[in-house]
Every structure is written in C-alpha cells, then in structure tokens.
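First up is the structure itself, then whatever we jot down about it.
What follows is calculated from the coordinates using simple rules that are stated; it is not laboratory data. Keep in mind the model is a prediction, meaning the values are calculated, not measured. For neighbour counting, all protein chains shown are included, and Cβ atoms are generated from backbone atoms with ideal geometry for every residue, glycine included.
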Amino acid sequence: MMLSVSSKYAMRSLLRHGRRTILSVVGIGVGCGLCLFMIGFIRGERKMMLRAASESGAGHFRVVPANWNETRENDLRLIDWHQARKLVESMDEVEVVTPHARKEVLLGFGTRVAGVEMVGVDRNTEQAANRLVRSVVDGHYLDGEKGTTVIGRTIATRLRVEVDDELMVTAAGADGEMAGAMLRIVGIVETGSRDLDATICQVNLQDVERITHLPGAGDLTALVKNPKKLKLTVKSLSEKLGTDYSVVTWEQLMPELASGVKVDETWTRLTVSIIMIVVFLGIASAQLTAVLERRREFAVLSAVGMKGSRLVQIMVYEGLVLGLAGAAVGLAVGVPSTYWVATKGIDFTKMYGTEGMSISNILIDPVFLGDFGWWLVPLAFVLALTATILSSLYPAWYAAKTDPAAALRVEH
Amino acid sequence: MATNVLVSAKDVTKTYQTAKIEVKALRGLTLDINETDFMAIVGPSGSGKTTFLNLVGALDTATDGSLTVLGRDISAMSKQKRADLRLHRLGFVFQAYNLVPVLTAQENVEFVLELQGVGDNRFNRAREVLDKLGLAEFANRRPNELSGGQQQRVAVARAVASNPKLVLADEPTANLDGENAEVLLHMMQDLNENRDITFVFSTHDSRVVAHARRVVTLVDGRIARDEMKGRTNPSPRES
C-alpha cells in the first residue's frame with residue numbers, strides 16, 4: 001500500500017527536528033514507565049492485601065446468619081450449616097470452605113487470665129483457609145482430640161503456659177449461665193506478629209458447642225479461585241442460599257482495610273494523573289513550538305487548498321507516532337522496573353522493623369510485591385497515546401486556524 | 001472573438017486594522033482579468049499588489065466592493081468553499097518558492113493531487129507534470145538539493161498540477177538570477193499559450209514586465225495604468 005504524502009510529511013517533520021523528537025519520546029517514555037511502575041506496585045499491593053486479608057481467617061467471603069451483619073453477634077448460628085457448606089462447596093469458583101463458631105471467653109491458668117475470641121474450627125480445612133495457624137512452632141495443630149486447643153505465642157507468654165498445660169476456659173452459655181471447661185494446649189502458633197499471636201485460640205468446633213451449648217457454626221469462611229470474580233460468585237451464591245443466610249465479602253467484613261486500599265489506589269491514580277499531566281503539557285509545548293516553526297509552511301499548504309481538518313489529521317498523526325515510540329520507551333523503562341518490584345519487592349522491614357506487620361487482625365508481609373503481566377503492554381500504549389493525541393489537539397487546532405494571508409504577509 | 005472574464009473586481013477596497021492605525025491597501029479597485037491573460041501587476045511597495053493577489057486567490061476577503069473569481073463571489077464564500085476553490089481551480093507561486101522542505105519535488109507536486117483526492121494515479125500524474133516541464137531529473141530531490149531556479153520551477157509544477165484555470169504568482173522571479181528568471185518565464189508563457197492557463201504576477205521585475213502581454217500599474221491601492229502590449233486600456237477611473 002502506498003503511504004500517503006500527508007503521512008510522509010508528518011513522519012519527516014518529526015525527523016527534521018530529531019533531537020526535539022527524541023527528547024519528546026524520552027519524556028513520554030519515562031512518564032509512561034513511571035506510571036507503569038506505580039500502577040504495577042499498587043495492583044500488587046491490592047492483591048497482597050486481599051490475599052493477606054482473605055488468608056488471615058477472614059476469607060474472600062463469609063456465609064453468616066441473615067441478621068449478623070447488623071449486630072455482628074458471635075452467638076448467632078447458621079440454621080443448617082452442613083447444608084449451606086455443601087452448597088458453597090458445590091460451586092466451581094470456591095477453592096475451600098471452612099466453618100467457624102466464635103465465642104468470647106476467658107482463659108485462665110493459675111492466677112493469670114486472658115480474654116480472647118475462641119474459634120471452633122474444622123481442623124481438616126482450617127489450615128487451608130487460614131495461614132495464621134500454619135506456623136505451629138511448639139507441639140502440633142488440632143488433631144480431633146476432644147478438649148484440646150492451639151493458642152498464639154503472646155497468650156502463652158502472658159499466661160506462662162506451654163504445650164500440654166491445661167487451661168481453664170470460662171464463657172457465658174446460651175442460657176446466660178457461666179460455663180467452664182478444661183482445654184489442653186496441643187500447639188503454640190507464632191505468626192510473626194505479637195498482636196496477632198494475642199488473638200489466636202482455636203479449638204475443635206464440637207468443643208465450642210459443648211462449652212457454650214450453642215449448636216452448629218456461626219459462619220462459613222471461603223476462599224475463591226479467582227478474586228476478580230468475587231462479586232459474581234457472591235451474587236450467585238446469595239441467590240442460591242436464600243434469605244436465611246447472608247454473604248459478606250472481606251471488604252464488608254473489614255471496611256477499614258478496604259478503605260485503606262482504596263485510599264492507596266486514589267493516591268496512585270492522583271500521582272499517575274499528575275505525571276501524565278506533566279507529560280501532556282511537555283508534549284503540547286513541543287508540538288506547539290513545532291507548529292509555530294511551521295506556521296509559514298502551514299500557510300502555504302492552506303493557500304494551495306489544504307483544509308484545517310487535514311492539518312489536524314497531520315498533527316494528530318505526529319502525536320500518534322510520538323505516542324507509539326513513547327509507549328515503546330515506556331515499556332523499556334517500565335517493564336524491568338515493574339518486573340523487579342514484582343519479583344524482588346520493596347522491603348518495608350527497615351521502616352517498620354522485623355516484627356510482622358498486622359492491620360485489622362490480618363498478617364501483612366513486610367515485603368510488598370508489585371504486579372507484572374501482559375496488561376502492561378496495552379496500558380503503556382493507552383497512557384502514551386492518550387497523552388500525545390490529546391496534547392496534539394490544541395497545537396493542531398492552532399495550526400488549523402492559521403490565516404494563510406496573514407502568515408504569508410509577514411514576508412512582505 | 002469575445003474573451004471570458006475570469007476575475008471581475010468592482011470598487012474593491014481592503015483595509016487592514018492594526019493596533020493604532022487603519023491601513024487602506026486597496027481603494028476602490030476595478031479590474032477584469034480575462035481568460036489566457038499573461039498579466040503583470042506592478043507598482044511600488046505598499047501599492048496593494050500582494051493584497052490584490054490574496055483577494056483574487058481567495059486567501060482573504062475584501063472590506064468592500066465585489067470580487068468574482070471564476071464566477072463565484074468570494075466575499076459570500078465560506079472558508080471551506082474558498083479552500084476548495086484554491087485547491088481545484090487556482091494555482092499559487094510564491095516569491096520564496098515555499099516548497100515543503102521535507103518532501104521531494106515529486107512529493108510536493110503529489111501533495112496537491114492527494115489533497116484533491118487523486119488516488120493511486122497521483123504518482124504518475126505528478127511525474128507527468130514534472131516530465132512536461134523538464135523537471136524529471138529533479139523528481140527525487142528535496143528542495144535543499146535544488147537551486148533557487150529549480151525550486152521555483154517545481155513550485156510552478158505544483159501550481160499547475162491540478163489543472164487550474166488561473167495561476168497567481170507573487171514576485172516569482174524576485175530571488176532568481178537573469179538566466180533562471182528567463183527559463184521560468186518561458187515555462188509559464190508556454191503553459192499560458194499551450195494549456196490556456198491564465199497567469200497573474202505581482203512584480204517589480206522588468207524582465208517579467210517585458211514578457212507580460214498586459215501590465216497593470218497600482219499606486220496607493222488604485223490602478224494608475226492598465227496597458228495591453230500594443231495598446232493602453234483606459235484606467236477605470238478615466239473611463
């Protein structure tokens with residue numbers, strides 16, 4: 001196909017001022033690369049937060065009694081948790097589902113006591129859904145033996161207990177009467193965060209039923225295979241479960257964490273926008289200079305009959321070429337840096353210390369990893385082309401309204 | 001034999017408003033330009049030569065009076081329509097050649113054809129024009145690889161590529177030496193005689209005046225003299 005003379009004109013006009021064109025392309029590329037890095041980082045952070053939140057016991061979603069979200073009362077129990085669990089497990093999108101029965105209790109050993117939320121679990125599925133209880137450093141995890149518990153290191157330190165010690169557990173029963181039982185410690189968990197270790201007290205589900213006289217599970221906590229489809233999964237499950245149950249997402253369970261992630265995203269968007277505006281103004285300035293330099297040329301073209309729309313087309317074409325080259329440079333800058341942050345990550349231990357970081361009872365890895373993937377390629381082109389084409393519009397409009405008689409009159 | 005009038009100007013005035021003063025470039029100019037005229041407009045600087053060419057070339061509009069170019073009233077035409085008129089019916093040659101510097105001679109000529117909407121055939125048509133004007137050997141050279149005379153001949157090729165009825169040339173020989181000016185004038189004379197293209201020049205150059213068949217002298221935005229070689233037309237003010 002024959003390249004149009006207009007296209008050749010646009011291309012060669014860019015090449016005529018090689019240094020300016022190169023500087024423009026580098027400017028677009030660096031700006032674009034910086035944006036890719038920031039977007040990659042924030043996408044990774046969001047993924048990491050979601051994974052941390054979901055795998056710290058909250059799950060991607062929970063099935064709870066219909067009115068639980070309003071009261072958040074731990075004594076509420078699911079009507080038929082076995083049936084509900086089967087239904088959740090039957091969904092292809094669900095990776096794992098595990099039941100919980102929660103109860104605020106006092107743990108006592110000798111003269112020392114500690115208040116904690118005791119969680120009754122299914123030992124067969126709990127560790128798959130909750131990474132906090134994967135690191136049992138003393139003893140072992142629950143093995144089904146009646147009257148046993150796994151506690152966090154901070155509780156063990158506070159009560160000065162160790163594996164095989166027996167704790168006295170006291171809780172209010174279903175009828176309001178205080179109930180007590182003895183629990184033998186079979187394992188001690190260390191998550192890396194002392195705060196989190198002060199919250200862990202897990203027992204077999206049947207022990208919670210026995211101590212509280214409240215039968216069944218209070219929630220079903222589930223992880224999904226693809227968190228991007230979470231909303232669809234939740235919607236579909238809600239329809240299947242009916243009105244006796246409610247399905248709440250991690251964002252509803254931990255709104256403060258969700259809003260923290262959103263604030264981060266907003267800042268990133270703002271930063272990306274500022275970078276793009278700077279790039280935009282830089283390109284607009286360079287393009288406008290190019291137009292002013294070619295004012296006479298445009299006047300001649302206009303005199304021989306070129307319409308304003310064709311001039312706009314030529315300027316936008318130049319912007320398009322700059323944008324494509326800028327996107328390529330942006331990828332050259334952005335891909336290695338985004339790959340680095342996705343594989344090596346940014347280590348915040350120097351800032352926050354070696355103590356594990358926890359927010360809202362979730363364990364956060366101190367090394368923040370970015371996201372990396374094919375999405376970088378279209379994003380680079382969208383960012384660079386949007387900036388260059390938009391920034392070409394004003395110079396193009398300025399070129400289009402060149403008055404040929406006035407521009408040519410300068411000569412006389 | 002009756003001749004067709006291509007341009008008819010009646011009491012045309014053009015006033016430029018600058019920040020502080022009003023400049024009257026044309027003051028009630030009345031003139032007809034006939035088909036196949038080979039006409040020079042002469043006069044001192046500031047006499048209104050270029051202004052008149054700009055008006056005839058539909059680059060500008062008159063402040064007052066009526067101006068009809070190729071049967072169309074210029075002042076009643078939109079910017080777009082005037083651009084169309086320039087593209088399809090008029091040709092321009094400028095003093096400073098004004099070829100597009102990043103395009104070759106061939107591409108400069110092709111550009112006008114592309115703007116006209118000529119498709120795949122434009123390469124051959126542009127080459128044909130260059131061939132006919134004896135410029136084939138320069139086809140692939142860019143303006144900076146051509147002499148002033150060669151550039152101006154390519155500019156003429158660009159001007160006539162779209163088969164215009166009228167070519168307007170603003171001081172076309174001002175930057176050329178005697179030999180190149182002669183070559184250019186012979187080329188334009190040939191186009192005038194063999195392709196019936198009407199040429200109107202603004203000029204200070206006596207060589208151009210010597211070739212012109214009609215010479216119109218402007219002074220202070222008015223016609224002072226309108227001379228056909230062999231006879232003198234009465235000035236509109238005298239008639």
Problem set entry | At most 15 other Cβ within 10 Å, DSSP loop - trypsin sites (Lys or Arg not before Pro), the stretch A:179-271 | A:K225
Problem set entry | Longest site-free stretch - chain B; sites: GluC sites (Glu not before Pro), DSSP loop, at most 15 other Cβ within 10 Å | B:36-237
Exercise. What helices does chain A have that are whole DSSP H segments, at least 18 Å long along their own axis by Cα, and with mean Kyte-Doolittle hydropathy of -1.0 or more?
Worked result: A:18-55, A:255-293, A:308-343, A:376-400
For this session: Please give the net charge around A:G176, taking every other residue with its beta carbon less than 15 angstrom from that of A:G176, where Lys and Arg add +1 and Asp and Glu add -1.
Result: -4
Exercise. What value, in deg cm²/dmol to 500, does the helix sum -39500 (n - 2.57) over DSSP H runs of n ≥ 4 give at 222 nm once divided by the residues of the protein assembly as shown?
Worked result: -14500 deg cm²/dmol
Exercise. Past the 30 Å Cα-Cα mark, which pairs from A:K8/B:K81; B:K132/B:K229; A:K225/A:K262?
Worked result: none
Exercise. Can you pull the percent of Cα pairs in the stretch B:1-115 with separation above 24 Å?
Worked result: 35
Exercise. Can you pull the three principal axis extents for the Cα set of the stretch A:256-342, in Å, largest first?
Worked result: 64, 28, 18
Problem set entry | Peptide B:97-105 - average C-beta neighbours from other chains (10 Å radius) | 5
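With only alpha-carbon atoms in the gyration tensor, what are the semi-axes of the equivalent ellipsoid for chain B, in Å, largest first?
Gyration-tensor ellipsoid for chain B: 29, 20, 17 Å.
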Problem set entry | Base-10 log of normalised Debye intensity for the stretch A:59-250 (one unit scatterer per alpha-carbon) at q = 0.09, 0.16, 0.19 Å⁻¹ | -0.33, -0.99, -1.28
Problem set entry | 20 Å-binned pair-distance histogram of chain A (Cα, whole percent) | 22, 37, 22, 14, 5, 0
Problem set entry | Candidate lysines - alpha carbon under 16 Å from B:K14, same-chain residues fewer than 8 apart omitted | B:K24, B:K49
Exercise. Which of the peptides A:253-260, A:4-11, A:36-43 is most tightly packed, and how do the rest follow, judged by the mean count of other Cβ atoms within 10 Å per residue?
Worked result: A:36-43, A:4-11, A:253-260
Exercise. Percent antiparallel among DSSP beta bridges with both residues in the protein assembly as shown, to the nearest 5?
Worked result: 75
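Under 14 Å from the Cβ of A:S238, count the other residues' Cβ atoms, weight Lys and Arg +1, Asp and Glu -1, and hand me the total. Walk me through the intermediate numbers first.
Details: positive: A:R62, A:K231, A:K235, A:K240; negative: A:E93, A:E239, A:D244.
Here the count lands on +1.
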Exercise. Sequence-distant or interchain residues sharing an amide H contact under 5 Å with A:G187, placed H: which?
Worked result: A:H140, A:T149, A:I151
Problem set entry | Reachable lysines from A:K344, criterion Cα separation under 20 angstrom, eight or more residues apart if same chain | A:K47
